[in-house]
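The block underneath contains the structure these notes are about, expressed in structure tokens.
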Amino acid sequence: MTDHHIILRVVAKVLIPFIALYGFYVQFHGEYSPGGGFQAGVILAVSLILYSLIFGIAPTMRAVTPGFARAVAAIGFLLYACVGIAALIGGGNFLDYDALVDEPVGGHLGQHLGIILIEIGVLMAVAGSMTAIFYAFAGRVSEIRDEDW
């Protein structure tokens with residue numbers, strides 16, 4: 001049987017890594033321009049969804065299992081919450097980044113550390129959640145047998 005979508009598959013194999021790389025660019029360039037964790041998480045999830053639409057849901061679920069997607073979302077949420085709790089323990093308000101690091105007045109290490117950790121948590125929570133939601137809407141989580149994994 002001939003594959004009528006060979007050009008689409010070849011182009012996708014070339015473009016999907018660049019889409020994911022762009023997601024990481026948006027993540028780590030978000031402090032200086034529009035972007036950040038939410039946008040980067042959506043871009044990373046979209047690269048996985050595009051792969052799924054072109055190559056099928058079963059190969060995608062073998063590569064990134066639904067359990068892994070949910071775990072990434074949960075770890076991202078916990079990272080976000082832990083940064084806020086660490087600020088509370090440090091004597092500040094929730095997500096008061098200056099309370100994360102004890103430094104002299106005018107220092108910005110706490111601000112930088114807090115923002116980076118929060119944005120990584122948001123990236124993980126959004127990418128994991130979007131992927132898990134896509135898998136749920138694809139309706140295949142319960143239809144794929146264990147031996148297909």
Running a GNM on the chain with Cα contacts under 10 Å, which residue among ALA20, ALA125, ALA12 ends up with the highest mean-square fluctuation?
ALA12
Hey, if you drop one equal point scatterer on each alpha-carbon of the range 20-93 and run the Debye formula without solvent, what base-10 log of I(q)/I(0) do you get at q = 0.21 Å⁻¹?
-1.00
At a Förster distance of 22 Å, what's the computed FRET efficiency of ILE85 paired with LEU109, Cβ-Cβ distance as r, to 0.05?
0.70
Per residue of the chain, what 222 nm ellipticity follows from adding -39500 (n - 2.57) for every DSSP H run with n ≥ 4, rounded to the nearest 500?
-24000 deg cm²/dmol
Dipole-positive endmost among ALA136, ALA12, ALA99 within the chain (Cβ charges, Cα centre)
ALA12
Determine how many Å³ per residue the convex hull of the Cα atoms of the chain encloses.
125
Using a basic spin-label model with each label point 7 Å from the Cα along Cα→Cβ, how many nm lie between THR65 and ASN93?
4.2
For the chain, what relative contact order do you get, as a whole percent, if you take Cα pairs closer than 8 Å and at least 6 residues apart?
28
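No lab work stands behind these numbers, since they all come straight from the coordinates. None of the values given here were measured: they were computed from a predicted structure. Please note: Cβ atoms are built from the backbone with ideal geometry, for glycine as well, and neighbour counts cover all protein chains shown.
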